Structure formats: structure tokens, C-alpha cells
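As C-alpha cells, the structure follows; a few thoughts come after it.
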Amino acid sequence: MTQSTDGTQSADRIDSKYEVLSELVREGHLTLYSVAVQGQPAPLRLGWFAVSSSAQRSSFHRYRSALKALAPAGLLDVVARPGAYYTVWKPLEGQPLSAFLALPVRGELPVQALRDLATGLTEQGYALTDAEVVFTEAENGQVEPQIGYLVPAERTFDEAAALNAQVLAPLKKGRLRRHRPALSAWAVLPGLLFLGGAGYLGAQAARIYLNPPVHEVGSVLGKPAETGARTLASAGFRVVYADGEGPGQPVGTVIAQDPPAGTSLPAGRQVTLTVNNPPPLQVPKLDDLSADQVAVALAENRLTRGQVLTVDGTFSNTPKGRVIAQLPAAGATAQRGDAVTLLVSGGVGSKQTWLPPLTGLSFDDARDLVRRAGLVITSVKQQDSSARENTVLTQSPAPYAKVDSGSPVTLTVATVGFTGPSQSAGNLPLPPPVYVAPTVPTPADPVPTDPLPATDQGGAVPGATVPETGQQGAGQTGTAGQTTPAQTSAAQTNAGQTNAGQTNTGQANAGQTTGQAGTTQPVTPQTNTTIPATPPTPAVQARSVTLSYAFPADLPSGNVDIVVRDLDGERTVLGNTPSSSAAGASAQQDGIQVRGDATFIVRVNGQEFTSFPAR
């Protein structure tokens with residue numbers, strides 16, 4: 001054994017008072033010694049704990065807490081101080097647990113005490129196997145289990161309960177001797193005294209019941225019910241209550257008694273007291289009533305006017321002198337004569353209101369919001385914009401600015417602008433008339449396409465042979481000696497139509513003969529006119545605008561973005577700026593390129609706050 005730094009342990013002594021006789025067990029940081037101490041004839045057991053870490057110190061303190069809860073009979077001392085952590089145990093004489101469990105007959109009280117000890121060990125995280133249990137004889141002569149030594153252990157509740165169930169399993173075998181306490185004179189005496197007292201009280205009760213004393217009923221009219229009942233009960237009467245209604249009487253007072261005052265009655269008889277307790281009333285509604293109307297309503301319901309408080313009637317828009325609220329509220333139950341507290345309007349002052357952002361809304365929606373705010377639209381201006389028609393572009397007053405109720409509101413709404421053509425297209429030519437030729441049968445022989453020689457003034461073709469009458473062909477007539485040149489029109493007919501210059505049984509198309517010799521009709525040529533294409537609209541040129549905007553001081557909380565919207569869409573100019581930084585500040589930026597009509601839009605948390613045209 002080594003010497004400690006503080007001298008608590010040496011080769012032959014521990015803590016300077018326990019003489020070490022031998023070392024019994026060494027397990028982990030626990031060493032069990034057999035020691036001797038002055039004043040103890042038998043050797044003791046000392047469990048020394050080598051504590052060198054906080055975990056070991058915590059484990060020892062949990063062990064000490066369990067010992068304190070279990071209070072083992074064999075424990076003499078527990079020491080816990082820096083450098084010295086140990087327990088001291090004395091030997092116990094008695095029957096060990098194994099011998100008790102092997103008995104064929106066991107007493108009821110020892111068995112129950114053993115079960116209670118096992119329950120206590122389980123609650124502390126220990127099992128019977130961790131303890132030296134000895135059955136010793138107590139002062140009352142009964143055998144009780146005691147703990148002679150407890151080995152440090154840390155078990156869960158379920159683990160300890162399972163181990164204890166295994167140890168106590170032999171208790172199910174063998175016989176159990178019931179405990180019958182012996183009777184003594186002190187156990188019989190209370191019963192005898194009770195019987196004697198009961199006989200005496202019974203005789204007195206019989207005498208009083210058969211010959212009760214007679215008393216005069218006193219008058220308790222007008223007194224509180226509790227006081228009257230106490231007076232009559234002291235005279236020996238029984239008292240019961242009945243509800244009644246007495247005009248002008250306070251609630252809870254006696255308005256009648258039966259039998260009446262002055263009647264002589266034996267003690268114990270019943271006296272009925274009628275207490276003024278009218279049925280509850282409903283408080284009328286007094287809101288918006290004047291003082292005179294309130295007085296009439298309260299009088300009709302037998303209520304009284306209590307405290308009257310005057311408050312500002314602006315927020316409820318209640319005229320001066322009218323009731324704003326009441327206590328109790330309308331419909332509540334009350335007793336007659338109860339007071340009703342009133343809140344009366346002191347008049348309507350100037351009411352402040354404000355408008356939310358209206359930009360981006362339709363005019364109808366914006367008008368509804370203006371009406372709800374108690375304001376009036378007095379001016380509506382129109383402005384050309386790329387936004388949808390009748391969309392609100394600007395508003396006055398500004399969003400969230402506080403103004404008096406009924407103040408005027410000016411809105412600027414969008415109108416659709418008209419842009420004329422970039423240049424005149426001139427007069428467009430009319431399309432040519434549509435000619436539909438009559439339908440004729442297709443000739444059997446192909447029509448020659450060689451041009452015929454021109455005719456002279458007489459109409460005869462030199463050197464030409466005149467066909468016989470009845471033959472038909474291109475450029476031929478229906479009468480002998482008459483010829484017609486075959487002229488082809490510039491415009492060709494559709495499928496199934498003949499060309500100009502063909503005949504059909506004496507009927508001629510344009511350029512055909514009329515059936516008279518020497519007479520020729522010329523064909524009118526058709527002009528093929530081309531419609532000129534409309535010139536394309538020139539592209540809109542980009543232009544430069546300037547952003548200049550002053551944020552209001554009461555800007556809603558969140559992140560602020562400014563975007564510009566033109567023909568190319570939307571793009572961010574100023575993005576993700578905290579409103580706390582932007583409130584009251586100004587945004588300036590030059591040289592922003594846009595095309596067409598452009599609008600700056602201010603958004604807070606993604607919601608449109610305001611908008612204005614880009615200039």
C-alpha cells in the first residue's frame with residue numbers, strides 16, 4: 001500500500017484511524033479491506049475508492065445517494081472528500097438470504113419485507129445480487145431483512161427488476177404462514193367504550209325525541225337569510241329556504257317566515273324562510289342611445305345607471321352623448337337594482353386615414369379602396385402609357401400618408417396612345433375586273449397557233465382558200481366568203497374555256513365575226529397591273545432617360561427594387577435595397593437606355609409600391 005499525498009492512506013492505516021488488517025477484494029477502482037478501529041471488537045470492512053477523474057467522482061456520489069436512500073443496517077460511515085472516498089461496514093448476524101429462500105415455510109411479514117426491500121433496490125438501480133441481505137430479529141420479535149453490504153453497481157431499472165424477479169422466484173414455492181396479531185386488553189377497551197357511549201347517546205336521543213323542549217319562534221324578517229337561519233338554528237329549529245320576490249327589498253333578505261314569529265314549536269321542527277331572490281333579468285342593449293333613452297330603458301328593466309365614462313367617439317364614429325359600450329354587455333343576466341356602467345361618446349374629432357399603393361390597379365378597384373378609406377376622388381388625369389387602359393399610374397396623396405377623412409384624391413390613369421404611320425403609302429391601284437368566259441366544248445382538232453395574215457379593207461385574205469359552209473375552226477366564219485382573223489387575247493381562259501377567236505355555232509367570242517361579211521370586231525387587250533408593297537415600319541430607336549425618385553419616409557419594411565419597363569420588357573435598375581436604408585433617400589441614375597414608352601416601377605417585397613413614366 002502506498003502513501004498518499006495528503007496522508008489519508010498509509011501502509012497500515014487509512015485516514016489515520018482505521019488499521020488495515022488485510023486486503024479482501026480489489027476490483028476496478030474499489031479495494032475492500034478488513035480493518036480494525038478502536039471501540040469495535042469485531043473487524044470492519046472498509047471499501048476504498050480510488051477517485052482520479054470526474055466520472056469516477058460522479059459514480060461515487062451516485063453510490064452514496066443510493067446508500068442514503070436505502071439506509072443499510074450494516075453501514076457505519078461514508079466519507080467523500082478530496083483524496084478520501086470510502087465506506088465502512090460492520091458485520092450483521094442473522095440468517096442469510098439463501099437460507100431464508102430455502103425454508104419450506106416462511107412468515108408472511110418477512111416475505112413482504114423482502115419484496116419491499118427488492119423494490120427499493122430496483123428504484124436505485126441495484127438488485128438483490130448486489131447486496132448482502134441478512135434476516136435479523138427486530139425489537140418486536142419479527143424477522144426482517146437488512147442490508148449488510150452493498151456492492152457499487154449501475155443498472156437500469158428493467159435490468160434490476162429482472163434480476164430481482166429471478167432471486168425471488170423461490171418464494172412461489174413452499175407455504176406461507178399468515179400473521180395473526182394477538183389480542184390485548186388495549187385492543188378490546190376502545191370497543192367497550194364505544195358501545196357504552198353509543199348506549200348513553202341513544203338513551204338521550206330517545207328522551208329528547210319523545211319529550212322535546214318547546215321554544216318560541218323569533219322574528220327574522222328583513223334580516224339577511226344567513227343571519228336569520230343562524231338565529232333560528234340556535235333556538236333548536238331546522239331552517240329551509242324558499243325563493244320569493246319582494247319589491248323594494250334588498251336581494252338576499254328574509255321577506256316572510258313560516259310559521260310566523262311568536263309561534264311556540266317543539267325543538268327540531270322546521271321553519272321556512274322566504275328569501276328575496278327575484279329571477280334574473282337580461283340587460284338591454286344601450287348602444288347608440290342618448291341619456292334620456294338610457295334612463296327609460298334602465299327603468300323599464302329595474303336597473304340603475306352606474307358610472308358614466310366619457311371617451312373619444314372618433315374611432316367608433318359615434319355622435320356626442322351617445323352610448324358607445326356598456327358593462328354588463330347587452331343580453332347578460334343581472335339582478336334587479338344592479339348598476340350598468342356606460343361609455344359615452346365625447347364627440348367625433350378629425351379622423352386620420354391613409355391610402356395603400358394604388359398604382360397598377362384598375363380605376364374601379366382603386367376607387368373602391370379610396371371609398372373604404374373615407375376619401376373622395378376629385379380629379380382623374382389621363383396619360384399616354386404602355387400600361388393597360390384605365391390602370392392607375394400615380395396617386396395623390398402618396399401611399400401610407402396620413403390625411404384627414406374626406407380629403408380629396410387625385411389619380412392619373414393610363415390611356416392607349418395612337419401612333420400614325422411613319423410615311424404615306426400613296427394611292428393604291430384598284431384590282432383589274434375579273435373576266436369569266438363562257439363554257440364551250442373543246443375542238444376536236446388542235447387550233448393552229450401560226451398567226452394569220454392581216455386582211456385588207458374588203459375583208460378577204462389574199463391567196464386563202466375559202467372553206468365550205470358549215471365547217472368551223474379557229475378564224476373561220478359561218479358564211480361563205482366571210483373571214484375573221486384569229487386573234488389571241490393576252491389573258492388566257494381557265495380549263496374548259498376557249499381562247500379568244502374561236503366560234504360556237506354562229507356565236508363569236510371577243511374578236512370573232514358577227515355573221516356579216518367584211519365586218520370585224522377587235523379584241524380589247526387586258527392590262528396586267530402590279531400592286532406596290534407597303535413599305536415596312538422603321539424600328540423604334542433607343543433613347544436615354546434619367547431616374548430621379550425620392551423615397552417617402554414611411555416606406556414599408558422590406559427590400560426595395562426599381563425596374564424599368566419598355567418595349568423590350570422589364571429590367572432592374574436598383575435592386576435588393578433595404579427599406580430602412582431607402583426611406584427618405586433619393587435614387588438618381590442617368591443614361592438608362594429604353595425603347596418606346598417606358599415606365600419606372602418601385603416594388604417593395606415584390607409588390608408594386610408606385611410607378612411613374614420615364615422621361
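Summary of values
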quantity: Pair list, Cβ < 9 Å and 6+ apart or interchain, from region 148-167 residues that are basic (Lys, Arg) to residues that are open to solvent by less than 70 Å² (accessible area, probe 1.4 Å) and in a strand (DSSP E or B); calculated: none
quantity: Close pairs (7 angstrom Cβ cut-off, 6 or more residues apart or separate chains): of a type in the set (Gly, Ala, Ser) in region 270-298, outside any loop (DSSP other than H, G, I, E, B) anywhere; calculated: Ala295/Arg305
quantity: Qualifying positions in region 339-369 - among the β-branched types (Val, Ile, Thr), over 34 Å from the mean Cα position of the chain (by Cα) and surrounded by 15 or more Cβ atoms within 10 Å (Cβ to Cβ); calculated: Val340, Val344, Val348
quantity: All positions within region 158-177 that are surrounded by 14 or more Cβ atoms within 10 Å (Cβ to Cβ), closer than 15 Å to Gly125 by Cα and either of a type in the set (S, T, N, Q) or touching a helix residue (DSSP H, G or I) at 6+ places or on another chain (Cβ under 9 Å) (or both); calculated: Ala160, Ala161, Leu163, Asn164
quantity: Index of the failed condition, Lys381 passing every other in (1) under 30 Å from Gly596 (Cα atoms); (2) touching a residue at least 60 places away in the same chain (Cβ under 8 Å); calculated: (2)
quantity: Failed item in (1) surrounded by 14 or more Cβ atoms within 10 Å (Cβ to Cβ); (2) touching a strand residue (DSSP E or B) at 6+ places or on another chain (Cβ under 8 Å); (3) not charged (D, E, K, R), with Pro250 passing the rest; calculated: (1)
quantity: Region 299-322: number of residues that are modelled with pLDDT of 85 or more, loosely packed, with under 13 Cβ neighbours inside 10 Å and under 23 Å from Gly406 (Cβ atoms); calculated: 1
quantity: Any hit, region 72-86, residues being open to solvent by 30 Å² or more (accessible area, probe 1.4 Å), among the aliphatic types (A, V, I, L, M) and more than 22 Å from Thr31 (Cα to Cα); calculated: no
quantity: Every residue from region 28-39 that is open to solvent by 30 Å² or more (accessible area, probe 1.4 Å) and within 60 Å of the chain's Cα centre (by Cα); calculated: Gly28, His29
quantity: Subset tally (residues that are touching a strand residue (DSSP E or B) at 6+ places or on another chain (Cβ under 7 Å) and not hydroxyl-bearing (Ser, Thr, Tyr)) for region 10-47; calculated: 21
quantity: Selection from region 370-383 of residues that are over 11 Å from Thr412 (Cβ atoms) and open to solvent by 50 Å² or more (accessible area, probe 1.4 Å); calculated: Arg371, Arg372, Val376, Thr378
quantity: Flag for Ala203 being of a type in the set (A, V, I, L, M, F, W, C), at pLDDT below 85 and touching a Pro at 6+ places or on another chain (Cβ under 9 Å); calculated: no
quantity: All strands (runs of 3 or more DSSP E) inside region 89-152 with 2 or more residues being within 60 Å of the chain's Cα centre (by Cα) and surrounded by 20 or more Cβ atoms within 10 Å (Cβ to Cβ); calculated: 143-150
quantity: Verdict on Pro247 being modelled with pLDDT of 90 or more and over 20 Å from Ser264 (Cα atoms); calculated: no
quantity: Per-region count, region 58-71, residues open to solvent by 50 Å² or more (accessible area, probe 1.4 Å) and part of a helix (DSSP H, G or I); calculated: 7
quantity: Yes/no for Ser544 being of a type outside the set (Phe, Trp, Tyr), free of Cβ contacts under 8 Å to residues at least 24 places away in the same chain and farther than 15 Å from Ile601 by Cα; calculated: no
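The values are calculated or read from the model by the stated rules, or taken from the named source; none is laboratory data. If you're wondering where the values come from, they're calculated on a predicted model, not measured in any experiment. As a convention, Cβ positions derive from the backbone with ideal geometry for all residues, glycine included, and neighbour counts pool all protein chains shown. SASA here: full protein model, heavy atoms, side chains in, ligands and nucleic acids out. Shrake-Rupley method; radii C 1.70, N 1.55, O 1.52, S 1.80 Å.
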